[in-house]
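As structure tokens, the structure follows; a few thoughts come after it.
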Amino acid sequence: GTWQELNKIPDIEEKYHILKFHGSTRYKKCPIENPDNYENLRAKACFIAQRMLKDGKASIPNIPELIEELLEIKFFENSRGLLQIEDNDDLKERLGRSPDHAMAWIMFIYATSLELEKRFVENKRDAYYVKDEPEFNPAIV
């Protein structure tokens, strides 16, 4: 779906919190802004989901495809010393399909971990933001 399709739903902003998830948003190597050293939002979301599982704050539904996809995700420390999740193409090649179940579950669990604050802006798609999270900037290296 697209934003145009979502905006056709009557009163969607009043019924749901719609959050943008830019998984490729890169983080700087900085002990203050990025203390856990994640390469991007996708890596951060994966590790937060893992932590929530370990802490008993999340559970995995008994969906075989989801479980298979989650078990297949690999991570590494990249040349900048940041934690990075493998490229989706590599994961797709091993699975023989896109890891859509895993990515949807990870984004959902990540969203439940966020402390949201409402802000009043004209563009209602951005009416909620994540407290203490940098604004999306694809140029950050």
- Cβ-Cβ under 6 Å pairs, at least 6 apart or on other chains, segment 82-98 side among the small types (Gly, Ala, Ser), far side assigned to a helix (DSSP H, G or I): SER98/LYS92
- Do you know which residues across segment 26-59 are more than 10 Å from the chain's Cα centre (by Cα) and β-branched (Val, Ile, Thr)? ILE32
- Note on the structure: Per the filter on segment 96-114, residues within 15 Å of LYS74 (Cα to Cα) and polar (S, T, N, Q) are SER98
- When every residue in segment 60-74 that is open to solvent by 60 Å² or more (accessible area, probe 1.4 Å) and charged (D, E, K, R) is compared, the one farthest from LEU95 (Cα to Cα) is LYS74
- Message: It is to be established whether one or more residues within segment 120-133 are in contact with a His (Cβ under 8 Å, 6 or more places away or on another chain), open to solvent by less than 90 Å² (accessible area, probe 1.4 Å) and modelled with pLDDT under 90.
- Response: yes
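The values are calculated or read from the model by the stated rules, or taken from the named source; none is laboratory data. Everything numeric in this text was worked out from a predicted model, so none of it was measured. Backbone-built Cβ (ideal geometry, glycine too); neighbour counts: all protein chains shown. The accessibility values were calculated without ligands, DNA or RNA, using every heavy atom of the protein model including side chains. Shrake-Rupley method; radii C 1.70, N 1.55, O 1.52, S 1.80 Å.
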